[in-house]
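Comments concern the structure below.
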Amino acid sequence: MNFDWVGLAILLVFVFLLLLFAALGRRWPASFRRLPAYEALGAAIERAVEAGERVHVSLGTGSVIGPESAPAMAGLVVLSKVAAATVMSDRPAVATTADGAMAVLAQDTLRTAHARVGAADRYQPTAGRMLGATPYSYAAGLPVVLATEGVSVHILTGSFGAEGALAADFGERRHAFVIAGSDDVHAQALLHATADNPLIGEEVFAGGAYLNAGVFHGASLRAQDVIRVLVILAILAGTLLRTLGIGL
Amino acid sequence: MKLGAWIVWTAVAMAFGGVVLAGYFVQWQTLLELRLLFMRWAILLSATALLLGILNLLAAHLHKVNLQESGWPYSALLIVILLGTLVLGLVFGPDNRVVLSLFEYIQLPVEATLMALLAVSLAAAGVRMVMRRRDIYSLIFIGTALLVLLGTAPWPLGGTGLSATFGWLRNWLAQVWAAGAARGIVLGVALGAVTTGLRVLLGADRPYGD
């Protein structure tokens, strides 16, 4: 039996930091830097609820199996908070995805959000749906959803490729409030141009912390910051050692 | 009863996720085989979920047609084409010429059209960004995009000194500044992905509901 000690140690440090910051979360509240996109999102959702308009959450075009599931999992947290805020409105939130399994998870998230506020009878299984099985067929289905559902807040939080730019642009053309993030670097560049409120880098994973989804979300950001500093120090140390001709 | 249910789902997610994760760090034959088995189950479940997703899509559009909501003719068209493709696939098999033609002459051109539309959308979005967000970041973004375009696009008179300069500038921007920034972004994304996965494994996030 062989162990990858380095990988295992990093993972254990991550878990330790996550649990530590979660335990300290209430006594030592975190203060995060301003993210205008998330700050504006709350007001946009309130406006949509008051105007009887719909909030749409897109969980991206990635599948549940694979690394691209992570931003969609973070998106499900955002969906949960958005669903809770809109559940008693005339038009509760809808969620779309390009993956069948992710659509099932979106339905579960919406159902749970409805049940938590005692409105299980208002839940519609079609509120969480798969629009198309491929990235571009998903993008092709979006304009109809945005138009027929009366969407005024368009949240893109998941794994997108180039089709994410089209998805954001469809929302902008309807003058909706568009907030968009992806795990793909190229898609992030495109979303920076097409969406009014782009999420850059790991901001797509920070939705839960900024929307107060629980102590573990704040703890995640703190643990990430500690590990990031350690990685930067390791890179600097490696660069210095290499410059001095010391091989590792 | 309800409390018991979510504890069971969480325990199942933690156990299966833990075994799959451990398989990456511990090279033990039994664990590796178990990980492979779980991954195969996950693929099977994902395929079943795709079927559920399609049925859900069908239900959503049938609902629209039934209520004759706005845009219902598009929903009706989707249902007809979806069922037609399904019947053709079941009768002739997925490798049949007719079924392949549906993808080759309908789906692929539509997707290619959307890709072409992306270029137009991006140009319009660039103009819109300059109009709406007049800050330093937008100016840097647009300026860099223009420099990269000038360094990539063919020039009318071929390889003049100016095109070579822009070509060099493009490479410098892409290979030094953009690549460095992209590595930083990828690092942040990777850290975010790890914590998101750990939250699910620790049962703090329960995307499967309560």
(request) Say whether the condition of being under 15 Å from the mean Cα position of the chain (by Cα), more than 10 Å from chain B (Cβ to nearest Cβ) and among the aliphatic types (A, V, I, L, M) is met by at least one residue in the stretch A:29-38. (result) yes
(message) Let me spell it out: the conditions are (1) crowded, with 24+ Cβ neighbours inside 10 Å; (2) touching a residue at least 40 places away in the same chain (Cβ under 8 Å), and A:GLU149 meets all of them except one. Which number is the exception?
(response) (1)
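Residue by residue, here is whether (1) among the β-branched types (Val, Ile, Thr); (2) more than 11 Å from B:ILE185 (Cβ to Cβ); (3) at pLDDT 95 or above holds:
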site	(1), (2), (3)
A:ARG173	no, yes, no
A:VAL178	yes, yes, yes
A:LEU190	no, yes, no
A:ALA193	no, yes, no
A:ASP196	no, yes, no
A:GLU202	no, no, no
(message) For B:GLN175, only one of the following conditions fails: (1) away from every other protein chain (no Cβ under 14 Å); (2) touching a Ser or Thr at 6+ places or on another chain (Cβ under 6 Å); (3) in a helix (DSSP H, G or I). What is its number?
(response) (2)
(request) Looking for whichever is without any contact (Cβ under 8 Å) to a residue 60 or more places away in the chain, over 20 Å from the mean Cα position of the chain (by Cα), outside any loop (DSSP other than H, G, I, E, B) and assigned by TED's automatic domain parsing to the domain that holds A:GLY207 here; the options are A:VAL49, A:VAL6. Which one fits? (result) A:VAL49
(request) Output the qualifying pairs, or none if there are none: Cβ atoms under 7 angstrom, residues six or more apart or on different chains, first residue in the stretch A:221-248 and surrounded by 10 or more Cβ atoms within 10 Å (Cβ to Cβ), second residue acidic (Asp, Glu). (result) A:GLN224/A:GLU202
(request) Kindly indicate which of B:ALA22, B:ALA15, B:ALA11, B:ALA60 is part of a helix (DSSP H, G or I), within 11 Å of chain A (Cβ to nearest Cβ), within 22 Å of A:ILE65 (Cβ to Cβ) and small (Gly, Ala, Ser). (result) B:ALA22
(message) Considering only residues that are surrounded by fewer than 16 Cβ atoms within 10 Å (Cβ to Cβ) and touching a Ser or Thr at 6+ places or on another chain (Cβ under 7 Å), which ones fall in the stretch B:49-64?
(response) B:ALA59, B:HIS63
(message) Looking at the stretch A:169-189, can you tell me whether even one residue there is under 18 Å from the mean Cα position of the chain (by Cα) and among the acidic types (Asp, Glu)?
(response) yes
(message) From the list A:LEU59, A:LEU17, A:LEU12, exactly one residue is surrounded by fewer than 24 Cβ atoms within 10 Å (Cβ to Cβ) and in contact (Cβ under 8 Å) with a residue 60 or more places away in the chain. Which is it?
(response) A:LEU17
(request) Out of B:GLU33, B:GLU69, report the one residue that is charged (D, E, K, R) and either part of a helix (DSSP H, G or I) or out of contact with any helix residue (DSSP H, G or I) (no Cβ under 8 Å at 6 or more places or on another chain) (or both). (result) B:GLU33
(request) Check off (1) touching a His at 6+ places or on another chain (Cβ under 7 Å); (2) at the interface with another protein chain (Cβ under 9 Å from one of its Cβ atoms) for A:MET1 and give me the number that stays unchecked. (result) (1)
(message) Taking the conditions exactly as written (within 11 Å of another protein chain (Cβ to nearest Cβ), in contact with a Lys or Arg (Cβ under 6 Å, 6 or more places away or on another chain) and either within 23 Å of A:LEU146 (Cα to Cα) or in a helix (DSSP H, G or I) (or both)), does B:ALA42 satisfy them or not?
(response) no
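The values are calculated or read from the model by the stated rules, or taken from the named source; none is laboratory data. Since the structure is predicted, the reported quantities are computational estimates derived from the model, not experimental observations. Methodologically, a virtual Cβ is constructed for each residue, glycine included, from the backbone with ideal geometry; neighbour enumeration extends over all protein chains shown.
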